[in-house]
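What follows is calculated from the coordinates using simple rules that are stated; it is not laboratory data. Everything numeric here is computed off the predicted structure, so don't read it as measured data. No Cβ is skipped: glycine too gets one built from the backbone with ideal geometry, and neighbour counts run over all protein chains shown.
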Amino acid sequence: MATIIIIYGILAVGLIVSLAKSKEKTKIAFKVAKKSLLKTAPALLTMLGIVGLILGLLTPEKISSLIGAEAGIFATLTAALIGSLTLIPSLVAFPLAGSLLRSGATVMTISAFITTLVMVGIVTFPMEMKVLGKRFTLLRNGLGIIAALLIAFLMGVIL
């Protein structure tokens, strides 16, 4: 709670300083922020919906059995496959990962999901192949999968 108060305090001070310095630039900044909010609103609502559905349909025990320590390496490989196949913005993926982690998923599994989500692009594969070439695309995605699994393993060992 203290962190939230500090953040809002800093925000208020910044707003006052900005208004004192230039009311016009502050108005422009608010217009830009409004546009940005409207652009990200669908992703935010999607995130809330996905997290809500997953946590509503799956109990923490079920999540733990599917992608928890009991599921072993299968859970990590499944999470890596899902991360490789999906095209989810980070704005949605990180809160989803946090919710899954709190519900019993392992750090290794969540790490595999997040890193493959960022480093591997099976959905974008055809476009990437046209622009960068087949060999480069295969190499980049292959090394991305290997690196993601290595990172997931290291995160599981370290944390």
Projected onto the charge dipole of the stretch 12-159 (unit charges on the beta-carbon of Lys, Arg, Asp and Glu, signs +1, +1, -1, -1), the Cα from Thr137, Ala69, Phe30 with the largest positive-side position is that of Phe30
Excluding residues fewer than 8 positions from Lys39 in its own chain, the lysines with Cα under 17 Å of it are Lys31
The residues Thr116, Thr3, Thr40, sorted from fewest to most surrounding Cβ atoms within 10 Å, come out as Thr3, Thr40, Thr116
Among Leu150, Ile10, Val118, the residue whose Cα sits farthest towards the positive end of the charge dipole of the chain, when +1 is placed on the Cβ of each Lys and Arg and -1 on the Cβ of each Asp and Glu, is Ile10
Under the Karplus relation with 6.51, -1.76 and 1.60 and θ = phi - 60°, whole-Hz ³J(HN,Hα) for the stretch 98-104, x at Gly and Pro, equal x, 5, 5, 4, 5, 8, x
Note on the stretch 58-158: the mean projected area of its alpha-carbon convex hull, in nm², is 6.3 nm²
Whole-Å distance linking the alpha carbon centroid of the stretch 55-124 with that of the stretch 5-31 is 38 Å
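Which value, in debye to the nearest 20, describes the size of the charge dipole of the stretch 58-159 about its Cα centre when Lys and Arg Cβ atoms bear +1, Asp and Glu Cβ atoms bear -1, and nothing else is charged? The partial results should precede the final answer.
Numbers: 6 positive and 3 negative charges, 73 e Å.
Once rounded to the nearest 20, the dipole reads 360 debye.
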Counted neighbours (other Cβ, 10 Å), sorted fewest up, put Ile7, Ile82 in the order Ile7, Ile82
Per the helix-only model, the chain has a calculated mean residue ellipticity at 222 nm (DSSP H runs of ≥4, -39500 (n - 2.57) each, divided over all residues, rounded to the nearest 500) of -28500 deg cm²/dmol
Yeah, the stretch 1-41 with a ≥ b ≥ c from its alpha-carbon gyration tensor (a/c under 1.5 is rounded, else prolate when a/b outruns b/c, oblate otherwise) is oblate
Phi-derived 3J(HN,Hα) across the stretch 80-92 with the Karplus relation (6.51, -1.76, 1.60, θ = phi - 60°), rounded Hz, x for Gly and Pro, is 5, 5, 4, x, 6, 7, 8, 10, 10, x, 4, 4, 8
Relative contact order in percent for the chain (Cα pairs under 8 Å, 6+ apart) equals 21 percent
Ranked by GNM mean-square fluctuation in the chain (Cα springs under 10 Å), the top entry among Ala43, Ala12, Ala80 is Ala12
